[in-house]
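The values are calculated or read from the model by the stated rules, or taken from the named source; none is laboratory data. Predicted model, so just to flag it, every value in this text is computed and none were measured. Note that each Cβ is placed from the backbone with ideal geometry, even for glycine, and that neighbours are counted across all protein chains shown. Note: accessible area is taken over every heavy atom of the protein model, side chains too, but ligands, DNA and RNA are not part of it. Shrake-Rupley method; radii C 1.70, N 1.55, O 1.52, S 1.80 Å.
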Amino acid sequence: MNTATSISGLARRLVKDNLITEEEALTAVEQANREKTPLPLYLVNNSAVDSKQLAEAAADEFGTPLFDIASLSKDAVPSGLVDSKLIQKHHALPLFKRGNRLFIAVADPTNLRALDEIKFNTGLNTEAFLAEADKLHLAIEAFLTAEEESIGDALGGLDEDALDDLDIEAVDEDGPKHDDTSEADEAPIVRFVNKVLLDAIKIGASDVHFEPYEKAFRVRFRTDGILKEMARPPVNLATRLAARLKVMSQMDISERRVPQDGRIKMKISKTRAIDFRVNSLPTLFGEKIVLRILDPSSAKLGIDALGYEDAQKTMFMDALAQPQGMILVTGPTGSGKTVSLYTGLNILNTNERNISTAEDPVEINLEGINQVNVNTRVGLTFAEALRSFLRQDPDVVMVGEIRDLETAEIGIKAAQTGHLVLSTLHTNSAPETLTRLLNMGVPTFNVATTVSLIIAQRLARRLCSACKKPADDIPDEILTEEGFDDIDMPRAEITLFHPVGCEKCNQGYKGRVGVYEVVRINDEISRIIMEGGNSIQIADAARRAGFNDLRKSALRKAAIGVTSLEEANRVTKD
């Protein structure tokens, strides 16, 4: 068969114009589909075609007018007309509206589905303009960032009276459990709690802690992985604040002797709601309440935003493309394991696959995926949920955590019988994950032949790009001592930075980035497992195969200025 006949649309035109070869076109189409990336953006990101040449060829082939997206003012882009999920999904940006026509910038004029879906959702006729792929990508990022900031501006503009009227809804699973709520509904208490929750959302906190002590009461936010005190209300308000939070999350306010769990949904605009997972814990001087802020957007970041190196990303994508096997993500609590799993599930989430997950608890709702809350009180354990999944014709199964031999054995069985299984373990490194399974009692043969990929990870704070400064004061001998000679980068290309701090960041850092150790189970590692080898031997084999450990990955991110050496040491140095 002639290769050219299997290439269609934009790829065929690029081959015809000798901008890429037939083989490059086939590879690009296949890889772009696997990574769920628009073909023009994939080609530009991988330097296969010049962005301008690609746009001109597409415009000529399909008769779509070119638009200089760089000249577009972000203030001119119509806000609120098109859902941000559609913009991300189709890589299409609304430009302007004329009557009942909406003009859309796209990089691939053959993506008619984008225009149809936006037309269906907006009720407007759509017309395409062609834009250069890389410039369109930057414009979309700027637009989505401005949308997020506008939410923060809206929250910041709330006056004291508006704090009383926030639309807060408890996620009630078992019916109302509270009786007397008079103290919890006092106006000052309501305003204070609402303000704390809004402040947490605005600064991007992941957790909020309400902590009572004998002579003090404090409120702390966890931002970028670090706890920081934000307020000290009067200690005599501790009981009423706890009662207010328990009423909001449908807990029993009369029960103060045992821990309780609940959820809150706060609507901050017509189209945006934030979920909180709430837990109460009886302590010596009252109930400590901790709220986990669940941000649905974190589950849809895309693999490129997580911080994987190119080789690591390729191994992850290859493992996800396999019809069976087990992918394990490992690391301590708060290391980003859930986001990695959700990212993988989003890549796999197509109409052709049946995907089921067992989680404790389900943090973020993923449309198109069957999610089950583990409930040990009624006997719905990870093992029982997994056993039930296998009777429901699954293609992909995600188990929140492998905690015992029974869950491990059922997961292994699922992976051996034509299913792709994703799960987590609490271990410090990829090699230790394999020995943990062996110590649980899983036979060596099953571990060696079933586990296909292990990802160990940590989260490091990302340096603020606005205020970081080069670190010129670090001697070469210190760099050698820290291990920079082992990261396969010329010393001249290594540029370290120090955090400074400005109004845009938190003590020199803004956001977090993943640090990963990705190990594919090759023949040598399988042989070591079969022979009963330990984690040290497995780590040596992984090193020989060229898989970077957590330390090397952290140093590489420090070397290119993504994070600081201090932060790399904090998350990876023993």
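Answer yes if at least one residue in segment 259-276 is within 21 Å of the chain's Cα centre (by Cα) and closer than 30 Å to Y42 by Cα, and no otherwise. No, that holds for no residue.
Being in contact with a Lys or Arg (Cβ under 9 Å, 6 or more places away or on another chain) and closer than 30 Å to K337 by Cβ is the filter here, so list the residues in segment 467-485 that pass it. Answer for segment 467-485, where residues must be in contact with a Lys or Arg (Cβ under 9 Å, 6 or more places away or on another chain) and closer than 30 Å to K337 by Cβ: E482, G483, F484.
Screening T314 on (1) in contact (Cβ under 8 Å) with a residue 40 or more places away in the chain; (2) in a helix (DSSP H, G or I); (3) under 19 Å from S452 (Cα atoms) shows it passes everything except condition (1).
Starting from residues that are touching a Pro at 6+ places or on another chain (Cβ under 6 Å) and farther than 23 Å from E35 by Cβ, keep the ones in segment 83-101 and report whichever is least open to solvent (accessible area, probe 1.4 Å). Checking each candidate, the answer is P94. Cβ-Cβ contacts under 8 Å between residues 6 or more apart (or on different chains), taken from a first residue in segment 220-234 that is more than 19 Å from E567 (Cβ to Cβ) to a second residue that is aromatic (F, W, Y) and open to solvent by less than 50 Å² (accessible area, probe 1.4 Å), are listed as M230/F221; R232/F217; P233/F217; P234/F217.
Within the group G511, G561, G546, which residue is small (G, A, S) and either at pLDDT 95 or above or in a strand (DSSP E or B) (or both)? Testing whether each residue is small (G, A, S) and either at pLDDT 95 or above or in a strand (DSSP E or B) (or both) leaves just G511. Pairs linking a residue in segment 410-422 that is farther than 13 Å from V451 by Cβ to a residue that is in a helix (DSSP H, G or I) and open to solvent by less than 10 Å² (accessible area, probe 1.4 Å), with Cβ atoms under 6 Å and 6 or more positions apart or on different chains, are I410/A383; I410/L386. Reported count of residues in segment 433-459, each being open to solvent by less than 70 Å² (accessible area, probe 1.4 Å) and outside any strand (DSSP E or B), is 14. For segment 486-501, a tally of residues being touching a Lys or Arg at 6+ places or on another chain (Cβ under 9 Å) and either surrounded by 13 or more Cβ atoms within 10 Å (Cβ to Cβ) or within 15 Å of G561 (Cα to Cα) (or both) returns 7. Annotation note: Cβ proximity below 7 Å between a residue of segment 334-353 that is over 18 Å from L294 (Cβ atoms) and in a loop (DSSP other than H, G, I, E, B) and a residue that is open to solvent by less than 10 Å² (accessible area, probe 1.4 Å) and among the polar types (S, T, N, Q) (sequence gap 6+ or interchain) occurs for no pair. Among the residues here, I412 qualifies as buried (at least 20 other Cβ atoms within 10 Å of the Cβ) and not in a loop (DSSP other than H, G, I, E, B). Somewhere in segment 460-476, is a residue more than 23 Å from A541 (Cβ to Cβ), in a helix (DSSP H, G or I) and either open to solvent by less than 30 Å² (accessible area, probe 1.4 Å) or not aliphatic (A, V, I, L, M) (or both)? Yes: segment 460-476 contains one or more residues that are more than 23 Å from A541 (Cβ to Cβ), in a helix (DSSP H, G or I) and either open to solvent by less than 30 Å² (accessible area, probe 1.4 Å) or not aliphatic (A, V, I, L, M) (or both). From the list L405, L386, the lone residue that is in contact with a Gly (Cβ under 7 Å, 6 or more places away or on another chain) and open to solvent by 40 Å² or more (accessible area, probe 1.4 Å) is L405.
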